[in-house]
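Report on the following structure.
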Amino acid sequence: MVANVTSRRVEVEDEPPAGVIRWLISCDESGIGGSPYYGFGTLWMGWQRRGNFSALIRRLRAEHNYEHEIKWTKVSDANLGFYKALVEEFFKSSYLFFHCLVVCNADVDLEQHGRDRDLARRKHFTMLLTDKIRRCLRAYPKRKQTFRIWVDPIHSRYAKADEAVDPNTIIYSLVKVGRFEHLEAIRQTGRLRMQRLAFYRDIEDPARRDRDDGLTVLYQPDQVTLTFGGHVIDGFAGPIKVSRDQDANHHIFCMYALTSRRLAAILDAGAPAVDPENLKFGDHALLITNVGAFIERMLAAAKRSGVQRLWAGLVEYIDTETYHGVVGPFRKAAKYATESEWRMVVPPSASDTFWFDCGQSLEDISVLALVAALNSQLRLSVSPGGPS
């Protein structure tokens, strides 16, 4: 086996071993340019079938003398035969599967996405992929499965939007560092202590303090104009930061996320699995060993307990000298990127501290370890099916 490790992904150049299902998922988008609807489509096939699919396309092109890009907006009387044949071959095939999500712009509640339509679209794309992958895993519970996702560049102001749903964002484990008694209590009871975002702006520990955590928006000075009585005021000295109390009062629970984005540093440069900067906050670490089950328990608990909304995901790290727009609880300055932070967020409550109770122990999906031995005990190996 040969593995080429880059900053984006681990590429394994041989075929998966017998018994391993490897899926190839090709993704694209439509209707982004002001249409009342937008959508995302995914074409699935077994990895070993990609040669069959290429041969099928070549045959249809030759039979119908069609050499142009395959695109539904290009259908005309002159090439209708090719597109009809393509559709017929899809429905005759036993190895091709198509899944899509179509969204009406008017139905999107932007309040759930920080008034950010671009972020909402990226969430919907990720939701489509993760939902189908989850169903696939459940359909073949006794088979090892891997997923290779090919994503065209996504129309987004975020230059790495395609990477946001790339396999590089797979979360292998979530890690919480702290005192033994606190972490053991979490593990045994499933109760999470959630502080307000504003708490981390003024916390005494400089390693945990972030004066801008939970900003509502960040505006660059060259993109803002202020008018007063017909007079234009510009030339602001620096970025304009706006924070609403309702945003800063959201409650958060934070963990370090060990994701495949760190694979290159680990495998190429021998970096530790958990960045040492994140090990200063206690003598023990709680590792979540089944992230999917952990998140599902949190979502189920939120419904049972009447929590109106719950958001969970990785933090995006931004260049505060160039970024212009909505910030919210899931964006932080790039200088904090070593935190590789995963967050769970719930709306403000009457108390400064909110106790989130998932209603059951986490002992079956977590382990406790000494911080001093954490990185020496964590081992990353690359098998033909991918990292483990």
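The values are calculated or read from the model by the stated rules, or taken from the named source; none is laboratory data. It should be emphasised that the depicted structure is a prediction, and the values quoted were computed from it without experimental measurement. All Cβ positions, even for glycine, are placed from backbone atoms using ideal geometry, and neighbour counts span all protein chains on display.
Okay, here's what the table says:
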quantity: Residue pairs meeting the criteria (Cβ under 7 Å; at least 6 apart or on separate chains; first more than 18 Å from residue 289 (Cα to Cα), in the stretch 245-263; second surrounded by 24 or more Cβ atoms within 10 Å (Cβ to Cβ)); calculated: 247/214; 248/214; 250/214
quantity: The stretch 104-148, subset among the hydrophobic types (A, V, I, L, M, F, W, C) and touching a Leu at 6+ places or on another chain (Cβ under 7 Å), residue farthest from residue 292 (Cα to Cα); calculated: 120
quantity: Which numbered condition residue 32 misses (of (1) at pLDDT below 85; (2) closer than 30 Å to residue 141 by Cα; (3) of a type in the set (A, V, I, L, M, F, W, C)); calculated: (2)
quantity: Filter pass, residue 342 being out of contact with any Asp or Glu (no Cβ under 8 Å at 6 or more places or on another chain), at pLDDT 90 or above and under 28 Å from residue 266 (Cβ atoms); calculated: yes
quantity: Set 262, 304: member being basic (Lys, Arg) and surrounded by 15 or more Cβ atoms within 10 Å (Cβ to Cβ); calculated: 262
quantity: Residue within the stretch 343-361 that is part of a helix (DSSP H, G or I) and under 20 Å from residue 177 (Cα atoms) present; calculated: no
quantity: Members of the stretch 107-123 found to be outside any loop (DSSP other than H, G, I, E, B) and at pLDDT below 90, listed by number; calculated: 110, 111, 112, 113, 117, 118, 119, 120, 121, 122, 123
quantity: Residue in the stretch 144-156 that is surrounded by fewer than 14 Cβ atoms within 10 Å (Cβ to Cβ) and either small (Gly, Ala, Ser) or assigned to a helix (DSSP H, G or I) (or both) present; calculated: no
